[in-house]
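For reference, the structure is listed below as structure tokens.
The values are calculated or read from the model by the stated rules, or taken from the named source; none is laboratory data. A quick note: this is a predicted structure, and the numbers were derived from the prediction, not measured. Glycine gets a Cβ as well: all are built from the backbone with ideal geometry, and neighbour counts include every protein chain shown. Quick note on the areas: whole protein, heavy atoms, side chains included, nothing else; ligands and nucleic acids left out. Shrake-Rupley method; radii C 1.70, N 1.55, O 1.52, S 1.80 Å.
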Amino acid sequence: MTVSKMTWRPQYRSSKFRHVFGKAATKENCYDGVPITRSVHDNHFCAVNPRFIAVITECAGGGAFLVLSVHHTGKVDPLHPKVSGHRGNVLDIKWNPFNDFCIASCSEDSTVKVWDIPPHGVLKNLTVPWKELQGHSRRVGLIEWHPTANNVLFSTGYDYQVMIWNLDSPEAVIKNPVRTISHHTDVVLSMSFNTDGSRLATSCKDKKIRVLEPRTGNLLQEANCKNHKASKVLFLGNLKMLLSTGSSRWNHRQMALWDQEDLDVPLLLEDLDGSSGVLFPFYDPDTHMLYIAGKGDGNIRYYEISSEKPYMHFLTEYHSHTPQKGMGIMPKRGLDVSSCEVFRFYKLVTIKALIEPLSMIVPRRSESYQDDIYPMTAASAAAMSAEEWLSGIDKGPVLQSLKPGSRVPDSYPELSSGLGSKGLGNSLGTRRSQSRPGQLQLAYIQDQLGNKEGKECRSKTSVSNGQDPTLCSPPKTENEVWGGFDLRLKFHKQQEEIRRLREMLNQRDVRIKQLELEINNVRNSQGSH
């Protein structure tokens, strides 16, 4: 009789992201001297897009935040102009995902304000918003943009209400939200949408996690886990799962994984450590990577998520001696694909008055574009208008390739018509243009401008995918900036043309190198025969 012995072998998972590492920016590539807010709220306090970085600052006599060009690193001028139209401290800021020149802010003065940032940046204090939203009776702590519908904004405050706003409304001051959701019995601590925006998850101070239908406000699921006090909740893309971070009965920091259709019992509950700071979760649906950053410490853990057990696979942990107070993240379209960067944080280091970019990089030897780690991702174009979404339509995000030189899709692709997807920034939308005749005229002038001679520009050495580097300085004098649209429009049109030509040249250089290698290979093979 033969006896078979069981051989124990370690179970290795094949993963492209096993060796992802964090690379902090050098001092000259950080933003130094930023008066970061001292607020004790558990928000990110920072918002980033491929053009600008915004950070809530400490100031007297009201609330304010800074808007800086992402390329203007180094020492920040202490007298740099601010966006300072709130009467109370600013608690949260979020960039419009479909317009890099539009940002929303909420404040202790119980208002939400939406701002138009000039294409050349904030050159003087900005105090007049594009829209002011008045509906909350107490301070407003959180705002979120709808992920696929244009100009739809969600806000929640200390009145326990979640309000939905349609910014296509022609009024400058909007006092009536299109809907108010009143299921919460305490302060809402976080909000998160699924990929197409048809579900809204919230975590609340009453220790409950809720899944809502945002358009109607109907409560679909509710979790009340006594062993897990959730502070942040996050939809994990299209995996139909939720992740929450919080604390256990014994005040250990922990995270929990939930089935979005059944919140009775978590799929997974894991204690992390005994620290007290809030855990900020960030999820990348393209790579299925989850990042857990702790407030008050310098560590970031990363995991890979799968739809089958054991669901979460720990990869590694980034360690730093500088604690983060908040975090901003760059959208995928603003990453540097030439260095295989798959995620980028902007750490707020209060003790040094510093904003430190931190890149997550997949180590690859080849410098060519890596298709396998950059699938199609959400573009800077809305899938539908606010009216379409409010009428009951759900659409997934418009997708784009991150390959350099790829065309960025238009907003509302199946309905794209003339001015609907044009204008300053990334697709302001037809209704918004109609509500602002000056903006409509400006967009028309910009489209009509041809290629004309301009100022000699200095080239920028590093070009990141999706970014529009400042190849030369915009008009500086008051007359140039405010004396009319014409010179500024010529300047930005010329910058866009230069950027496009540089991308074409880079692509042709790569193609020439490939052809040279192929010719050498053919010659070598012929010589060997």
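Whole number in Å², please: accessible area per residue of the range 11-71, 1.4 Å probe, ligands, DNA and RNA not counted. Mind dumping the intermediate values first?
Values: 2780 Å² over 61 residues.
Per residue, the range 11-71 has an accessible area of 46 Å².
Give the long-range amide H neighbours of Phe45: residues separated by 5 or more places, or on another chain, with amide H under 5 Å away, using H modelled in the peptide plane at 1.01 Å from N.
HN-HN under 5 Å from Phe45: Ile93.
Per residue of the range 94-99, what does 6.51 cos²θ - 1.76 cosθ + 1.60 with θ = phi - 60° give for ³J(HN,Hα)? Whole Hz please, x for Gly and Pro, Karplus curve as stated.
Running phi through 6.51 cos²θ - 1.76 cosθ + 1.60 with θ = phi - 60° gives 8, 6, 5, x, 10, 8 Hz.
Seen from all sides and averaged, what is the projected area of the convex hull of the Cα atoms in the range 324-404, in nm²? Before the final figure, lay out the partial values.
Values: hull surface 30.5 nm².
That works out to 7.6 nm².
Using 0.36 nm times the number of residues separating Leu220 and Asp509, minus their current alpha carbon distance, what extension gain do you get?
Values: separation 289, 0.36 × 289 = 104.04 nm, distance 5.42 nm.
The Leu220-Asp509 span can extend by a further 98.6 nm.
Hey, got the dipole for the range 96-246? About the Cα centre, +1 on K and R Cβ, -1 on D and E Cβ, debye to the nearest 20? Walk me through the numbers on the way to the answer.
On the way: 17 positive and 14 negative charges, 114 e Å.
In debye, rounded to 20, the range 96-246 gives about 540.
Going by a ≥ b ≥ c, the root eigenvalues of the Cα gyration tensor, does the range 236-342 fall in the rounded group (a/c under 1.5), the prolate group (a/b larger than b/c) or the oblate group? Could you put the intermediate results ahead of the total?
Details: a/c = 2.03, a/b = 1.12, b/c = 1.81.
Verdict is oblate for the range 236-342.
Taking each pair of distinct Cα atoms in the range 166-230 once, what is the resulting Kirkwood hydrodynamic radius in Å? Mind dumping the intermediate values first?
Numbers: mean 1/r = 0.0756 Å⁻¹.
It is 13.2 Å.
Which lysines does Lys113 reach when only Cα atoms under 22 Å apart count, and residues fewer than 8 places away in its own chain are ignored?
Hits, sequence-local ones excluded: Lys82, Lys94, Lys124, Lys131, Lys175.
Select from the range 284-392 those GluC sites (Glu not before Pro) which occupy a DSSP coil region and have at most 12 other Cβ atoms within 10 Å, ordered by residue number. Walk me through the numbers on the way to the answer.
Details: sites: Glu304, Glu308, Glu317, Glu341, Glu367, Glu387, Glu388; in loops: Glu308, Glu367.
Here the GluC sites (Glu not before Pro) that fit, given the DSSP loop and packing criteria, are Glu308, Glu367.
Cβ neighbours within 10 Å, averaged per peptide: list 123-134, 372-383 in order, most packed at the top.
On the way: 123-134: 16.4, 372-383: 20.5.
Taking the mean over residues of other Cβ atoms within 10 Å, the ranking is 372-383, 123-134.
Working only with C-alpha atoms, what are the Rg and Dmax values of the range 72-183, expressed in angstrom?
My reading of the Cα-based Rg and Dmax gives 14.3, 46 Å.
Extension gain Arg407-Val128, at 0.36 nm per residue separation less the Cα-Cα distance, in nm?
On the way: separation 279, 0.36 × 279 = 100.44 nm, distance 3.44 nm.
Result: 97.0 nm gained on full extension.
Quick check for me: using +1 on Lys/Arg Cβ and -1 on Asp/Glu Cβ, what's the dipole size of the range 77-178 about its Cα centre, in debye to the nearest 20?
It comes to approximately 200 debye.
Once every Cα of the range 137-202 carries one equal point scatterer and solvent is ignored, give the base-10 log of I(q)/I(0) from the Debye formula at q = 0.22, 0.25, 0.27 Å⁻¹, two decimals.
-0.97, -1.19, -1.31
From the C-alpha coordinates alone, can you work out the Kirkwood hydrodynamic radius of the range 279-341, in Å? Mind dumping the intermediate values first?
Details: mean 1/r = 0.0771 Å⁻¹.
With all distinct Cα pairs of the range 279-341 included, I get 13.0 Å.
Starting from one equal scatterer on each C-alpha and no solvent at all, send me the Debye-based log10 I(q)/I(0) for the range 168-325 at q = 0.10, 0.18, 0.20 Å⁻¹, two decimals.
Ignoring solvent entirely, the Cα scatterers give -0.38, -1.10, -1.30.
Name the long-range amide H neighbours of Gln134: under 5 Å, sequence gap of 5 or more, or other chain; modelled H, no Pro or chain starts.
Those lying under 5 Å, H to H, from Gln134 are Ile174, Lys175.
Using all alpha carbons of the range 264-304, what is the percent of pairwise distances in each 10 Å bin, ordered from the shortest bin to the longest?
25, 49, 25, 1
Once amide H atoms are built 1.01 Å from N in the peptide plane, which residues 5 or more positions from Thr316, or in another chain, come under 5 Å H to H?
HN-HN under 5 Å from Thr316: Tyr302.
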